[in-house]
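Working notes, beginning with the structure itself.
FYI, it's all coordinate maths here, none of it is from the lab. None of these values were measured; they are calculated from a predicted model. Cβ placement follows ideal geometry from the backbone for every residue including glycine, while neighbour counts extend to all protein chains displayed.
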Amino acid sequence: MTMINPEQTQELLADYVLGEVTPAQAEAVQQMLLDQPELQAEINSLQETLALLALSLPDSSPPADLKERILQLAETKTIPVSPQIVPIWRSEKFIAQLNLKTLAIGAVALSIIGVLGFSNYRLQQRIAVLENQNNLAKIIDQSSGYNHLVNLHGTDNAPQANGAVVVMPKNEQVTMMLYNLPPLSEEQIYHLWAIRNGEKIDCGQFRPDAQGRVIKELPLEDVMMTSTQLLVTIESSQPSFGGTGTTVMVGQI
Amino acid sequence: MLSQQTDTEVYAALKEGNSQALAVLYDRYGEVVYRLCLRMLTNAQEAEDLTQEVFLNLWRNPTYNPHRGSFLAFFSTLTRSRAIDRHRRSQAQWRMQERWGRNQTSEDRRDLMDKLALNEMSDRVRQAIAELPEKQKTVLEMAYFDGLSQSEISAGLQIPLGSVKTHKRNALLKLRKILNNLVEE
């Protein structure tokens, strides 16, 4: 191991902090730190200097109501949620459509997933062993591809109804959470439809519980990935060509 | 009074579920986070969304370890990492390099106790950067804010690869020297 002078040491540490060292050099630095722990302070001050860069940006303030929104969302759940699934919104279009309400519903929906703890979320198990946000982001990126959260709103036929559908392609399933659905008679049943090119495709049927709630996992149909809209309708529970019933909920993908 | 306490103390309160602590940290760091998001995502709406996401994640999954460095270092690194992720997902061509922010152990207290402190520190950092030779400043900013690799910077500025590395390193070293008492205890 060649000895290097203090100046070279400083340069190496700076390169290290800047992420410009080869794996071999990085190892050498780790070794140096073991041999000379006082170098830790050097690395640290370089680290902190870098962090100050963010302060050099021009004055610009977030909207005045952002703080309130954040605090409200933070207070939304009373049940603590352990590190859980973070929605990965892939498409620009989807991000553009985000507004506070959808985020709030999404947050509630996801917190409910967390509380109910669906054990067949493979992602959930992976998240449990991760330690920090950086790795979390990388792993989700690798494994999930695409998780879509679609919010559903009640139509005039069921103005109180609301809910969301979480599409998780890697798990090949869809989790649907709907609330305040009107009760049904014996001859009626709810259906979920995916709309693609004007075509309505049946994705499943279900009945609400006494509280008007549906929490259900459905198999993921390929069609959902390419559809633009989701609908919930009331249909006759008798077998028939569906799609003629009353629409009670709509969601844009 | 929570707003008078150090970042570490406020953070401890946050971990216990005290939402006032979240409010205090937002008062201190909301603007910094927003600015960083705005610079890296270049879109006000996205910057707002990401700021919100970063704070909510801090609330739901607090991972800061005071022994590893200042809250500012932790939070800005986290924000930067998330911004890079967003870019990765939304723009295939944008290859951002995420190699920064290796946390090491340290006791460092430099809290942004209030808006005044933020403004003062911002001014000092801006002045320090203004003192850097042009090339050093440009290279550092391209690397940090635009997430460009050395070869991309080399191509963009039409300077040799080796020079990019030198400029970047010297920029950091010089910046540290100028900001000496902001960085050290």
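Quick notes on this one:
- Residue mean of other protein chain beta carbons inside 10 Å, B:12-21: 1
- Fewest-first sequence of A:His153, B:His67, B:His167 by Cβ atoms within 10 Å of each Cβ: B:His67, A:His153, B:His167
- Computed from the C-beta positions of A:Ser185 and A:Glu217, the FRET efficiency with R₀ = 30 Å rounds to 0.75.
- Local electrostatic count at A:Leu218 - Lys and Arg +1, Asp and Glu -1, tallied over other residues with Cβ under 11 Å: -3
- Arranged from fewest to most other beta-carbon atoms within 10 Å of their beta carbon, B:Glu134, B:Glu48 become B:Glu134, B:Glu48.
- For A:Glu7, A:Glu27, the sequence from fewest to most other C-beta atoms within 10 Å is A:Glu7, A:Glu27.
- Applying 1/(1 + (r/R0)^6) with r as the Cβ-Cβ distance of A:Ser60 and B:Asn61 and R0 = 45 angstrom yields a FRET efficiency of 0.95.
- q = 0.18, 0.31 Å⁻¹: log10 I(q)/I(0) that the Debye formula gives for the range A:1-57, counting C-alpha atoms only: -0.61, -1.42
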